[in-house]
Amino acid sequence: MTTDQDLTIDGQPATAMFAAKGIDVTPNKDQGVIKVVKRQGLDGERPMIGDRVVVHYTGKLLTGKKFDSSRDRREPFCFNVGKGQVLKAWDIAVLSMQRGEVCMFLCKPEYAYGSAGNPNKIPPNSSVVFEMELLKFEGEILTDDSGIMRRIKVKGDGYTNPNDGASVEVHLEGKCGGRLFDCRDVSFVVGEAEDKGVPFGVDRAMDKMQKGECCLLHLKPKYGFGNKGKPEYKIGPDKDIIYEVTLKDFQRAKESWEMDLPEKLNLAVGVKHRGNQYFKAGLYYQAVIQYQRIVSWLEMECGTGLDQHKKIQTFILTSHLNLALCFLRIKEFSQAVEHCNKAIELDENNEKALYRRGEARLLRNEFSLAIEDFQLVLQVNPSNRAARAHISICQSKIKEHHEQDKKTYANMFQKFAERDAKVGKTKRRRDESARSGMNGEMGIKRRRRSQDCPS
């Protein structure tokens, strides 16, 4: 065991200082993490479980030996607090801090490096002291486009989460601009929350939540009420909203490996129908969820006979075609092309797949590739007027781009010519000035020589 004889803080032994001024911040108050504030934070808000925090820290043994420091590396340290990514003491300590706060923490071995210690740095069963500054924090981002941010108020229990198709019971409180507009207990099926008037973002956060969890979900318009708003809640278009969600209970849906093929095929009929209903209602993101479920169930299935195999292929092909159409509607053209490609792998002459891929490529300004697709459509169906019209559009677009390129390059060359002319003019002036100067100097020298000569 180490002693505290060498480490002093503010002129007194570390353990004495913590005993006199420290606060026990451990949940069960076992003196495992003692905190002393050196500088107060900027506001009253503290991080919540799952938040992304940025800190500076210095760690020392009770002998005074420094074993780690982000300041020495000149690089702050980032982690998601309360997720077990760092020392147990850190998860506890940071949750007690405010932005800008600087603290000292005395941590017992069981909250730090335990009975093993850290070879060559920290002896076994060592208490350690950390000085830590909380620079900033923000909620956990749940989507690639940062449209859903979660902040956990109460951590849930267990290690399982609801999946698509799961039945959930939740308590909801929705706010917009500080005004409460929704407060209720509601049950819904994950992937079908829209049927109960629950925002898409709440639905998509379900598979990250645990039973008993209470969290705040900050939703961008795409995941809230979109560009239409919600008149019955007096919420206008394109408004950010916040939902406090408590997951009271849930029943997971069967995973693909838990179902036999006849059950999958039977479920696929209803799921496809729901997807089509969502699509007709303009709820394309919700439709995507349904079609993707069918693909995940059946893409690895072969069937035991010709009839089953045909049903499987039909469901998968239709799902990819529908997914391509959804992604066209929501302007995710790369995804549209990807699903068209998968449909074409199943049926190389599929008119819809070729046409939709052509549309996606046209919208990505890939005009030559789009023309190829529309020409393939005409080979399959020569009477497809839309494909013929799109070929003309692509040719016009190519011509427009060529004209634009000509103007761009013409302007570029004109600018280069003007710059060269300007540079040349400046150089000629410089040369003329230099020659004039030289002539003047020569005249002065000649006059000086004539004056120096004997008369």
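The values are calculated or read from the model by the stated rules, or taken from the named source; none is laboratory data. Note that the coordinates shown come from a computational prediction; the quantities given were computed from them, not determined experimentally. When we count neighbours, we look across all protein chains shown, and the Cβ atoms used for this are built from the backbone with ideal geometry, even at glycine. Accessible surface areas use protein heavy atoms only, side chains included; no ligands, DNA or RNA. Shrake-Rupley method; radii C 1.70, N 1.55, O 1.52, S 1.80 Å.
General observations
- Selection status of E359, outside the structural domain of A193 (by the TED database), over 35 Å from the mean Cα position of the chain (by Cα), open to solvent by 40 Å² or more (accessible area, probe 1.4 Å) and among the acidic types (D, E): no
- Filter pass, L346 being of a type outside the set (G, A, S), under 30 Å from R385 (Cα atoms) and not assigned by the TED database to the domain that holds P162: yes
- Residues (assigned to a loop (DSSP other than H, G, I, E, B), within 29 Å of the chain's Cα centre (by Cα) and loosely packed, with under 15 Cβ neighbours inside 10 Å) located in the stretch 60-77: R74, E75
- Among residues of the stretch 218-273 being among the polar types (S, T, N, Q) and in contact (Cβ under 8 Å) with a residue 24 or more places away in the chain, the one that is farthest from I289 (Cα to Cα) is T246.
- Selection within the stretch 18-30: residues that are surrounded by 13 or more Cβ atoms within 10 Å (Cβ to Cβ) and touching a residue at least 60 places away in the same chain (Cβ under 8 Å). The member of this set that is farthest from G82 (Cα to Cα) is F18.
- Selection from the stretch 234-266 of residues that are surrounded by 16 or more Cβ atoms within 10 Å (Cβ to Cβ) and in contact with a Phe, Trp or Tyr (Cβ under 8 Å, 6 or more places away or on another chain): I235, K239, I241, K264, L265
- Just one of (1) under 17 Å from A389 (Cβ atoms); (2) among the hydrophobic types (A, V, I, L, M, F, W, C); (3) without any contact (Cβ under 8 Å) to a residue 24 or more places away in the chain fails for L363. It is (3).
- The residues in the stretch 92-144 that are touching an Asp or Glu at 6+ places or on another chain (Cβ under 8 Å) and of a type in the set (V, I, T) can be counted, and the count is 1.
- Within the stretch 35-50, considering residues that are closer than 19 Å to D91 by Cα and aliphatic (A, V, I, L, M), the one least open to solvent (accessible area, probe 1.4 Å): V36
- Residue match in the stretch 130-148 (condition: more than 30 Å from Y233 (Cα to Cα), surrounded by 19 or more Cβ atoms within 10 Å (Cβ to Cβ) and among the aliphatic types (A, V, I, L, M)): yes
- Pairs linking a residue in the stretch 378-394 that is more than 18 Å from N365 (Cα to Cα) and open to solvent by less than 50 Å² (accessible area, probe 1.4 Å) to a residue that is among the charged types (D, E, K, R) and part of a helix (DSSP H, G or I), with Cβ atoms under 8 Å and 6 or more positions apart or on different chains, are L378/R388; N381/E351; N384/E351.
Yes/no per residue for (1) surrounded by fewer than 18 Cβ atoms within 10 Å (Cβ to Cβ); (2) at pLDDT 95 or above; (3) under 21 Å from K280 (Cα atoms); (4) charged (D, E, K, R):
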position	(1), (2), (3), (4)
K155	yes, no, no, yes
G165	no, yes, yes, no
L172	no, yes, no, no
R184	yes, yes, no, yes
E192	no, yes, yes, yes
V198	no, yes, yes, no
L217	no, yes, no, no
F225	no, yes, yes, no
K228	yes, no, yes, yes
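- Scope the stretch 78-99; condition aliphatic (A, V, I, L, M) and part of a loop (DSSP other than H, G, I, E, B); matching residues: V81, V86, L87, L95, M97
- Candidates Y113, Y57: the one that is part of a loop (DSSP other than H, G, I, E, B) and either closer than 19 Å to L134 by Cα or not assigned by the TED database to the domain that holds C214 (or both) is Y113.
- Residues satisfying the criterion are absent from the stretch 300-307 (criterion: touching a helix residue (DSSP H, G or I) at 6+ places or on another chain (Cβ under 6 Å), surrounded by 11 or more Cβ atoms within 10 Å (Cβ to Cβ) and part of a helix (DSSP H, G or I)).
- Of everything in the stretch 395-407 that is of a type outside the set (D, E, K, R) and surrounded by 11 or more Cβ atoms within 10 Å (Cβ to Cβ), the residue that is farthest from K352 (Cα to Cα) is H401.
- Among the residues here, V269 does not qualify as open to solvent by less than 50 Å² (accessible area, probe 1.4 Å) and not small (G, A, S).
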